[in-house]
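Novice: What follows is a structure written as structure tokens; I'll ask about it next.
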């Protein structure tokens, strides 16, 4: 039996007994006595009864793993709140692996969008018809026409698997994308600049003076001097300025306040021309959030849902007309031209998600009381009906801008729930285009040097928030996207030269961007008929 003891089977049996657990079945099983002194009959019988399949190492490892305790992570009281981002303090104490992931935005790339459009065009061209069928039909038609010479440029000789139309599409020159500087040329601090979506506190005068409303003051700044002169201050310390608008001709500026007062100042002499006490009064609020000029007529929109028109030459300080159509605060007011109410159209937007177009050519002053200015308003003009009513927007309509290059073209933008730029034809009362931006549209402005549109944005759930975008008309393709502001870009104004814009936001900064080319003066030809100097001998 010594051979069995020293055999591999015996060694494996002794090793399993030595390393096994005391409570394992192999330890409880009776040991096999392999001593030579015992009888062979008893030894073989015992071996036949007690020697079974010896547990292998694989079974042993499985038993050892099953005997271990299962890992249960400890969950404290704050872990639930931290996991669902309900406790900011708990999130700060978490490890980097347990913190919620932060969404990383990506700015739109015009070059990538152009390449994507080319790729889609190639796919449409290739999938519109089968390349095999195209080549076979061309070859058959050329072979069956004996009177026609074989064209070496025909499709049967083309080695490319693409259609000829696709090759022409890929080889044609792509439109050049204009490069726009991504950094502002200048940045100024504006402490006290309101962070309110319903205010308009930055405007650029045709003379070059920039007006900015900071809390209870209005400051004027020129392009050469970074500082500014104080233009005016509210009479009541509890009041503040909420809107500014320059007159198109002359150094006259209008300012509205949160308590419903309206002021008109002469910026050249820093003198108050006229003040309208309680120009807008309502239980819902008196804030005058938007102003617009046409000739000598000033139009104001307020939280009292009224639209009032004022002639600042009238010493009676009474509106020449007032309209009521919006059911909530009037957010935007914009005239189409500077020829007065007899030649211009008025666009208004409200917090009720509606936009109206007004034609006030029938709005004349009641002069029946005698010559001169009359404070009365014709009763039939009170609450006049708008020319068009548009209900397509799904948020407050604040951004309004008339196209300076095409008449009767209006651009409008709304808040975060809508986030769309819409182009309107006011001659027919139809919407021409709708462009989704993915973010809140705070303001709109057209370029006077190029046919492009600038939009300023705020909150967003789909794209980078707080950015400035430039769009090409009429395709509405994105030209450039300018990040920089850390809060909503509430305000935008265009310089008189048309090459620079200024933006302001809730981060209390003013940023100047040189994004448009300068005006190019026409150059006479060498042999121009209007060059009278060459006609003199």
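Novice: Using the Cα gyration tensor of region 280-365, with a ≥ b ≥ c the square roots of its eigenvalues, what is the shape: rounded (a/c below 1.5), prolate (a/b larger than b/c) or oblate (neither)?
Specialist: oblate
Novice: Quick one: length gained pulling residue 282 to residue 451 fully straight, 0.36 nm per residue minus the C-alpha distance?
Specialist: Numbers: separation 169, 0.36 × 169 = 60.84 nm, distance 4.07 nm.
Value of the extension gain: 56.8 nm.
Novice: Given a Förster distance of 45 angstrom, what is the FRET efficiency for residue 238 paired with residue 111, based on the Cβ-Cβ distance and rounded to 0.05?
Specialist: Numbers: r = 52 Å, r/R0 = 1.15.
That pair, residue 238 with residue 111, gives E of 0.30.
Novice: Would you mind computing, in nm to one decimal, how far apart the modelled labels at residue 230 and residue 387 are, each placed 7 Å from Cα along Cα→Cβ?
Specialist: 4.4
Novice: Roughly speaking, what is the centre-to-centre gap between region 314-339 and region 231-291 when only Cα atoms are used, to the nearest Å?
Specialist: Here the answer is 14 Å between Cα centres.
Novice: First check a/c for region 186-514, with a ≥ b ≥ c the square roots of the eigenvalues of its C-alpha gyration tensor; if it is under 1.5, answer rounded, and if not, answer prolate when a/b is larger than b/c or oblate otherwise.
Specialist: Working: a/c = 1.59, a/b = 1.18, b/c = 1.35.
In terms of gyration-tensor shape, oblate.
Novice: How much FRET efficiency would the formula 1/(1 + (r/R0)^6) give for residue 359 and residue 316, where r is the Cβ-Cβ distance and R0 is 22 Å, rounded to 0.05?
Specialist: Working: r = 26 Å, r/R0 = 1.16.
It comes to 0.30.
Novice: Give the shape of region 182-255 as rounded, prolate or oblate, defined through the alpha-carbon gyration tensor: a ≥ b ≥ c are the square roots of its eigenvalues, a/c under 1.5 means rounded, and otherwise the shape is prolate if a/b is larger than b/c and oblate if not. Walk me through the numbers on the way to the answer.
Specialist: Working: a/c = 1.60, a/b = 1.20, b/c = 1.33.
It is oblate, given that a/c is not under 1.5 and a/b is not larger than b/c.
Novice: Let me ask something additional. Would you list 290, 233, 450 from fewest to most Cβ contacts within 10 Å?
Specialist: Working: 290 27, 233 12, 450 18.
Sorted ascending by nearby Cβ count, the order is 233, 450, 290.
Novice: For region 186-514, calculate the relative contact order in percent as a whole number, restricting contacts to Cα pairs under 8 Å that are 6 or more residues apart.
Specialist: On the way: 934 pairs, mean separation 41.1, N = 329.
Computed over region 186-514, the figure is 12 percent.
Novice: Using a 7 Å offset from the Cα along the Cα-to-Cβ direction at both residue 271 and residue 189, what is the distance between the two label points in nm, to one decimal?
Specialist: Label at residue 271, label at residue 189, 3.6 nm between them.
Novice: Something else: Taking the beta-carbon count within 10 Å as an exposure proxy, list 423, 272 from fewest neighbours to most. Don't skip to the end; give the middle numbers.
Specialist: Numbers: 423 19, 272 13.
Fewest-to-most ranking of 423, 272: 272, 423.
Novice: Roughly what would the spin-label model give for residue 170 and residue 248, points 7 Å off Cα along C-beta, in nm?
Specialist: 5.2
Rule-based calculations on the coordinates, nothing more; no lab input. Everything numeric here is computed off the predicted structure, so don't read it as measured data. Because the Cβ atoms are built from the backbone with ideal geometry, glycine has one as well, and the counts that use them run over all protein chains shown.
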